[in-house]
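Heads up: the structure comes next, in structure tokens.
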Number of protein chains: 2
Amino acid sequence: MTGMLDAWLDELALIGGNGRAVNRFAWTPELLAASRWLVQRLHELGLEAEIDPAGNVLGRWQAGDGPAVLVGSHLDTVPEGGRFDGALGVLSALEAIRRLKDEGFEPAQPLWIAAFNDEEGTRFGTTMFGSAAFVGDDQAELRDRVSTDGVPLSEAMRAAGFDFDLVPRACLIGSVGCYLELHIEQGPRMELQRMDTAVVTGIVGVRGYRVELRGETNHAGTTPMENRRDALAGASRVVLALRDAALSAGDITVNVGRIDVQPGGTNVVPGTAVFFVDARAADPQRFASLDALVRECVGTAAAQERLTIEISPTHEHPPTPMDPALQQLLGDEMRAAGLTWGELSSGAGHDAQVLARHVASAMLFVPSQGGISHSPDEFTPSEQREPGVAVLTAALRKLCSTQRP
Amino acid sequence: MTGMLDAWLDELALIGGNGRAVNRFAWTPELLAASRWLVQRLHELGLEAEIDPAGNVLGRWQAGDGPAVLVGSHLDTVPEGGRFDGALGVLSALEAIRRLKDEGFEPAQPLWIAAFNDEEGTRFGTTMFGSAAFVGDDQAELRDRVSTDGVPLSEAMRAAGFDFDLVPRACLIGSVGCYLELHIEQGPRMELQRMDTAVVTGIVGVRGYRVELRGETNHAGTTPMENRRDALAGASRVVLALRDAALSAGDITVNVGRIDVQPGGTNVVPGTAVFFVDARAADPQRFASLDALVRECVGTAAAQERLTIEISPTHEHPPTPMDPALQQLLGDEMRAAGLTWGELSSGAGHDAQVLARHVASAMLFVPSQGGISHSPDEFTPSEQREPGVAVLTAALRKLCSTQRP
């Protein structure tokens, strides 16, 4: 039984899809089209639905007057991303609601669904904008944050028909009691251990940095090698030093996935390199030590290449444990369904970690083939999606069956 | 005496200038505007002048029926370039012709001036397109070469009103007897040795490569460090290995000035890195060894990071000695003018090396303050330009005074 999920996945992948990869970024026509598509599906199921002032899609199955049970994920993608990261969580929630409607279920309290805006942070280098707005985080300092395509956030929002000043109105966390999110694992562990589903115990902490190294732009043929102040040489040292540190630490990850070198002539010694560091640790003490590690690697490389440094933290999400009672509930449902399941920590950040600061939150994983994600090759076949959808449906049925305070 | 040179430098710097740097690239409106500006100046001096089918500006002071004495340089720039590289050579030639006209000089053979198109190769990654067309090189394989902004060369030409198929018509080398070019040194040696002018003995050989490394795009938080195939890590190894090799060799230079990493998400392990290598040597044997060096550094790094490799040579200019008789003539004029002068090799490539394959060619240098070039900070003050302009004028007067076969 897949219900509508397969068809919805196919339809959604066409929005911002190029036949292979999917590109849906914050405040772009592609993501807005996907959001409107979701609003239509929610209306078809009889829910109230809208795009809120932070660009989140919010659907409400109103019932009772208790706090809402919220389920969701996100619709935006990384550049050249896949069809499942975020999308599967949103569409599994949609399918769960469809099944509950289909069976004539009557919730005892509100059941809400959210597709949070800009979880990936692709355009503005800051992740989870939408869920942060939903829980009421002050994001005023992001107003002038400039996108990869050179547009300040407030202008990108205006062009999309939104108003940065109204973002605080998206805060509805006070009406929510708990949050559930289904996601692909994005790693190889479930496949290796043949798990059908997994309960997420906690989410790794992430620190993001923008690093700018400045040396001296000069002629690549006439400047003696020993006189150069080559910003790319400095950036290269940082990339390798951070990677070596992560390999030897064993329990942290570090990535540099975006770099821009200026002025960019093949025959010009590059005077400026701007790159972004993503550093993660699940252990709180390790997480605390990441800041010093990044600054030390950058400082050493810059000194060796006689470069000046500008390091700006772009985002910081501490390690986040998931709610024990909700973990228990998910595990019980997996056991009741006769699944092979286990417990895993999440190496990726998720909107659940933002929600978890305010309400009981939990996640469940379905497998990622080959552990591949953030790639057009990410894939979870229908038969590996269904156990997760069934558990999510059962958990929502249980959470909404009794009036909670 | 600066004549019109100061005013012309100021005027020209406004075309494609942003107040600080200058950006004039092949087939762009900025470079075409500069070319048309030069045609107007040449018409004002009474020369025939036109933009040829390869985008070169060619001015002709017709006289006699012998081979032409050609003088020139280029008007295009590197990204965020300065006001003097190329431009000073063209405008010094223009000023020399103005002075010869002014004094009533009557040449005994044709005196031609050229501003060669796309010397820097900024947009299409291949240098000296215009002078190569002028000497009749077959460049048919460049038709579909794609620019940094994603446009094939033939389309960029069409958009600018040119026709790639007509480029061979720009070949006029058969009518030329010799070539002179004035240029800024672009290095620190003249300043250190307090030279007013320098005779160039030869031009360093240059090899250019486009290197593409492919690993695997994946999630930066969930992919174990030891499982990654990170294309930027590979590129970083190449950058540092090439630099170390050049430092220890002592008589070669290597530069990576342009790099593009895909897909470009901060939280995505980069699956592809494309970068450009510029490697130079003056010694012919050293020059021959550069190809193996580049391929070895790339091969080693790719093996270490489990990446696949695609290396494409983009251009190759062997070391080029300048014509001894013309060197003698320039030295004689410097001596006669009472200048402090010397002999230097050129670490930068110049159109003169393309012309030198066909006709006697020579260059003279004026100093670069601080050795800086390919930068908005490149600067040669008026009093350091004048000795070079005077020598160039005297040399042209001498070369055009007697009928040559």
note = Probe 1.4 Å, heavy atoms of protein chains only: per residue, the accessible area of the protein assembly as shown in Å² is 35 Å²
request  = Report the accessible surface area buried between chains B and A, summing both sides, using a 1.4 Å probe on protein heavy atoms only, in Å² rounded to the nearest 100.
outcome  = 4800 Å²
key: the range A:205-317 - percent relative contact order, Cα under 8 Å, separation 6 or more   = 46 percent
ask   = How many Cβ atoms of partner chains, on average, are near each residue of B:46-56 if near means within 10 Å of its Cβ?
value = 0
inquiry  = 7 Å along Cα→Cβ for the label point: how many nanometres lie between A:Glu316 and each equivalent label in the other copies, listed shortest first?
reply    = 5.4
ask   = Could you give the distance between the Cα centres of the range A:245-294 and the range A:140-218, to the whole Å?
value = 18 Å
query = Stokes-Einstein at 20 °C, 1.002 mPa s, Kirkwood radius from Cα pairs: D for the range B:205-317 in µm² s⁻¹?
reply = 149 µm²/s
task = Express in Å², to the nearest 10, the accessible area of B:Lys398 obtained by rolling a 1.4 Å probe over the protein heavy atoms while all chains stay in place.
result = 110 Å²
query = Can you list the lysines whose alpha carbon sits under 18 Å from that of B:Lys101, skipping same-chain ones fewer than 8 residues off?
reply = B:Lys398
query = Shortest first and in nm to one decimal, what separations exist between A:Arg158 and its copies in the other chains, measuring from label points 7 Å along the Cα-to-beta-carbon line?
reply = 3.8
inquiry  = Under the convention of a label 7 Å out along Cα→Cβ, give the distances in nm from B:Thr300 to the same position in every other copy, shortest first.
reply    = 2.0
remark   = Amide H proximity to B:Arg258 below 5 Å, modelled H, separation 5+ or other chain, gives B:Phe276
Calculated [θ] (222 nm, deg cm²/dmol) that DSSP helices of n ≥ 4 give over chain A, each run adding -39,500 (n - 2.57) = -10500 deg cm²/dmol
ask   = What does the average come to when, for each residue of peptide B:370-382, you count the partner chain Cβ atoms lying within 10 Å of its Cβ?
value = 4
note = If you rotate chain B onto chain A, the residue of B with its Cβ nearest that axis, and the gap in whole angstrom, comes out as B:Ser236, 2
inquiry  = I'm checking a number: the convex hull volume of the Cα atoms of chain A, normalised per residue, in Å³. What is it?
reply    = 139 Å³
task = Grab every C-alpha pair in the range A:1-96, bin the distances at 10 angstrom width from 0 up to the longest one, and report whole percents.
result = 16, 50, 28, 6, 1
query = Where in the range A:71-107 does accessible area fall by at least 40 Å² between the isolated chain and the complete protein assembly, at a 1.4 Å probe radius?
reply = A:Pro79
Evaluated over the protein assembly as shown, the Cα radius of gyration and Dmax, each in Å = 32.1, 107
query = Counting Lys and Arg as +1 and Asp and Glu as -1, each charge on the Cβ, what is the dipole of the range B:1-49 about the Cα centre in debye, to the nearest 20?
reply = 180 debye
remark   = Taking every residue of B:247-258, the Cβ atoms of other protein chains inside 10 Å of its Cβ average out to 6
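The values are calculated or read from the model by the stated rules, or taken from the named source; none is laboratory data. Model, not experiment: these values are computed from the prediction. Please note: Cβ atoms are built from the backbone with ideal geometry, for glycine as well, and neighbour counts cover all protein chains shown. Note: areas computed on protein heavy atoms with side chains; ligands, DNA, RNA excluded. Shrake-Rupley method; radii C 1.70, N 1.55, O 1.52, S 1.80 Å.
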